[in-house]
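Here is the structure we will look at, set down as structure tokens.
The values are calculated or read from the model by the stated rules, or taken from the named source; none is laboratory data. What you are looking at is a predicted structure, and each value in this text was computed from that prediction instead of being measured. So basically every Cβ, Gly included, is an ideal-geometry build from the backbone, and we count neighbours across all protein chains shown. Just the protein is used for accessible areas: all its heavy atoms, side chains included, with ligands, DNA and RNA removed. Shrake-Rupley method; radii C 1.70, N 1.55, O 1.52, S 1.80 Å.
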Amino acid sequence: MSTKRPKSTTTTSKGKDKKADESSAGSVAGSGHPNDIFPLTLTSATQELFGCRCDEDVTGDNPYKILRKEDIVQDMRMRAAVSDFSPVKQLVLDYPEDELLLGYDRDFIYGSSFYLVLTADAKERHLKPVVALGVEVALEREPSEVFAAQKTFEPQPWISLGSEQEIEEESVTDSRPRLKYRISRVRREFGAPIFFSDRNAMETKDGFLECTPYQDKNFSLKQMERHTGVQTIPNLKSSSTQTQWTYPRSMCMQYEPREFSEEEKENCLQSENLKNFVNSVASRFEIAIQQNEIMDVFFDDWKALSEEDSGYGRKADPHLKEYQSFTDLHFSKEKTISNINWHPTINGVIAVAVTERLSFEDRINGSTKLLLNPSLILFWSFSDPINPQLLLECPDDVFSFEFCPSDPNIIVGGCMNGQVVLWDISNHVEQLQGTRTSGGKNIAANTNALQGFEDKQENETPVVRYCAVSGIENGHKAPITDIQWLPGTFEVSRMGVPMENRNGICVQIVTCAPDCCVMFWDIRAPRVLQTMADQRKQKVEEKPLENPHGVPNTFKHLDLTWKPLIRVSLPKIDTSGEYSPLKISLRDNTCDNHTGSNADRAHLNAERSEVAPEYALLRVPSARQLKPLEDICTKLYAGTEDGELVYTDWKLEKDNDSGRLFSAKPSHQFIIHDGQVNTVRRSPFFKDIILTVGGWTFAIWKEGVMNGPIIQSSCSQKKCTVGYWSQSRPAVFFIGKEDGNIDVWDLLEKTHEPSQTQNITATQITCIKPWIVSSKQHLLAVSDHLGTLHILEIPWTLRSPSSNEKLSMSKYFEKEVDRLVYFEKRREMRAKEKKDSEAEELRKKTEPIIPEKQVEQILEEAMKEYEDYLSLETVILKEMGLLPDTDKVDI
């Protein structure tokens, strides 16, 4: 029996100890612990101070620790009520001896981890071993004297409460003998090829068996109990925090210098130490002054290089700065901006197309209301950020429009209903150039009534009606999502063959829509209508036509009769069906070539004004009179609404049997993006580098490399909505996100993440369009889903290219191509190795198994080889004369 634990043993050898034990037993029964001990809870600091750390200084085998009374009293004086011994302060002070006993209660018998012995007798009883007392002490003790006795558990008989019945009900037993089925087949039919074919089940008797559901009462099951499990997990959330100084306070401070008195100054100046110091440094001081007169040694040449650009939007500021914003409460209210374009020749003028922010169902339900609110294209000018300068009326919402490169007064747009629209704004060029003098002043002067202001503004802003629109039956069957002008260097025949353009101006248009086709349009009058035009000319001379809207007659010959020149379909490569293009990119298009400065554009504008084309007099020439061009690439990239990138040829092929023209299947198709492709844009510096944006990723491709993209981004947290290349730096491009952020990528700085991310608006970004005003000012137009147009100024770091940046990017793209080719070769090699290894394993499995040799056969073969070796050794020794001939010796 152990004597070190007070819970299991108590010694009562004398009469006075029995009384104490009786009182202790009564205390255990009443309060849970004897009267001569007191349970304590000691903190880790107290345990460290008194050297009684749990399971280190005191353990289950050595549970006692002697504490000095003086140390306990000193602790209670220093920490007062915070001390862990404060509950027993008076008991400690009344303790007669100088040392107290502290016990470690590992099993929490008394409710705490420690207990303090309060009497000297109890201390002796805990420390005194009882091994010598043996069985006699145990016999003298009464059961009531033990305050903590151990109990031995005895097994009890099992009593049924019905659980075995539930177990039997849940167990699965066979209610009938199991069924056995045997399926056989003719031996010769094993391994025979199987051919499937389509047939009409209705034409064949018993071609199909209809299994209609019915209610079977024999198998109606009623759910009485269901076992389900639920586990709670925390919601994962990525968040960040930044401390902000939200409560600025005005503080002030005043100080005054501590100066020497006149007496102290006189003593300092007359001191020998000052004289010795001045004499020692005088020569060095003179040399330093002479050097400062010659050159400032503390001048920082590197900082001086950027002093002139340290202002707003200069080198020192790498972020995009808000330059101006445009919004209109009347024309763009509850609308979104679908496309934006800078005016090619007039500085500070930008056009935006606004569309309704409605779903397909809401558009159908509110079609009557939409007819009363015509769709518009707004022209904004920096000179008047409040009122639009010009309005272009559209037959339906416009998703894409472009200025004509040959004549900026001609604008073409693609509508939601599939129609192609042409405008001529020649009569309003002076107004866009800022010649309006009194309109804005009159509107600003009348600010008494808001309604009158809006009515006057609406009347003051001119509305231009479209000159021509294609027929609905001849256009696309879906909204036109992209439209581009073909350059004036060539034109396309009805076979899709590039021909020479004798006029030297842009006369053809390319459109695409999700109706699975790409269309080419010609804005010149067909040759078959030339005689009809002459007849109409005679009628016009006799009686002038009424033109109440003042629409120019530039494209009157195309109005409602305009048909596409050729229609290029995009059939799928492997399966039936067609691709649905959203964006296209031609190698020789003119949409990405706005890299010239403002002076260059003014020079081109002067040349165009001298020889302004008259589109009303142009006619489609005969293809026999034109020379085909062999150096024009007829390939195009098309991004689809399923996230695919298709590379195809727009040339039409002729069927030898029927003679009809048809589109060939695309040569390549890539599935990279996880959403619809919203951007297919070529680099203005490299004609064979294409940027595609779709879903949550973007990719950069090189035309001619058909192994895949040379650069592909990882999936971002927010969806990418638009992308555009920088017009001055080959390594920079901008990516718009659905959360209103713009990611600026600089491939010379980082390729795994954007160099900077900046928030522009609180909603989705719909369009991005950069523009070069001058060499020192580059602007970036950004539109959002709420109909607001933001004009941002591009900083110096993003507009000024580094030395040989184009050459560095060219080498970088070449390295990426080499990496892609190497990766493709390695993949093919690994595939071949895998195929060879599988063939080797199959060959090993089909080879006959050679039986292993027994031990006797192995020993016999080894002995035979050894005998052959001995005979060969004997022959060689005889030939060398080292072994005598035994026959001759015997003779």
TODO: Set Lys and Arg Cβ to +1 and Asp and Glu Cβ to -1, take the dipole of the stretch 802-891 about its Cα centre, and tell me which of LEU883, TYR866, MET809 lies farthest positive.
DONE: MET809
Task: Mean shadow area of the stretch 635-794 over all directions, Cα convex hull, nm² - done: 11.5
Task: In Å², nearest 10: area of ILE794 left accessible to a 1.4 Å probe - done: 10
TODO: Would you mind telling me the share, in percent, of accessible area of the stretch 37-126 contributed by carbon and sulfur at probe 1.4 angstrom?
DONE: 48
Open item on the list: Please give me, ordered by residue number, the trypsin sites (Lys or Arg not before Pro) of the stretch 717-820 that lie in loop per DSSP and have at most 12 other Cβ atoms within 10 Å.
Closed with: LYS750, LYS776
- [ ] Please report, as a whole percent, how much of the solvent-accessible surface of the stretch 159-288 comes from carbon and sulfur atoms (probe radius 1.4 Å).
- [x] 53
TODO: Subtract the Cα-Cα distance of HIS227 and THR751 from 0.36 nm times their separation in residues, and report this length gain in nm to one decimal.
DONE: 183.4 nm
TODO: Enter the per residue convex hull volume of the stretch 37-126, computed from alpha-carbon coordinates, in Å³ rounded to the nearest integer.
DONE: 88
Open item on the list: Give me Rg/Rg_expected for the stretch 778-865, where Rg uses Cα atoms only and Rg_expected = 2.2 N^0.38 Å with N residues.
Closed with: 2.83
Task: Under 5 Å, built H, 5+ apart or other chain: amide partners of TRP562 - done: GLY471
Task: Accessible area of the stretch 787-891 belonging to carbon and sulfur atoms, whole % at 1.4 Å probe - done: 58
Open item on the list: Under 5 Å between amide hydrogens, which residues at least 5 positions from ASN339 or on another chain qualify, with H placed 1.01 Å from N in the peptide plane?
Closed with: ALA353
Task: Per residue value of the accessible surface for the stretch 37-126 (all protein chains in place, 1.4 Å probe), Å² - done: 53
TODO: Keeping every protein chain in place, order ASP642, ASP588 by accessible area at 1.4 Å, biggest value first, i.e. largest first.
DONE: ASP642, ASP588
- [ ] Would you mind putting 216-222, 83-89, 649-655 in packing order, based on average other-beta-carbon counts within 10 Å, highest first?
- [x] 83-89, 649-655, 216-222
Task: Spin-label model distance (nm) - PHE195 vs LEU93, 7 Å beyond Cα toward Cβ - done: 11.3
- [ ] Please turn the phi angles of the stretch 804-820 into ³J(HN,Hα) values with the Karplus equation 6.51 cos²θ - 1.76 cosθ + 1.60 (θ = phi - 60°), one per residue in order, whole Hz, x for glycine and proline.
- [x] 6, 5, 5, 5, 5, 5, 4, 5, 5, 5, 5, 5, 5, 5, 4, 5, 5
Task: Under-5 Å amide H pairs with GLU644, H placed in peptide plane, nonlocal only - done: VAL677
Task: Nearest-20 debye value, the stretch 37-126 charge dipole, Cβ charges on Lys, Arg, Asp, Glu - done: 260
- [ ] Sort 422-434, 319-331 for me by packing, meaning the mean count of neighbouring Cβ atoms within 10 Å per residue, highest on top.
- [x] 422-434, 319-331
Open item on the list: Let me check something: with ligands and nucleic acids excluded, how do TYR869, TYR181 order by accessible area (1.4 Å probe), largest to smallest?
Closed with: TYR181, TYR869
TODO: Please give the peptides 285-294, 727-736 ranked by average Cβ packing (other Cβ atoms within 10 Å per residue), highest first, as a rough proxy for protection.
DONE: 727-736, 285-294
Task: Qualifying trypsin sites (Lys or Arg not before Pro) for the stretch 836-867 [loop in DSSP, other Cβ within 10 Å: at most 16] - done: LYS853
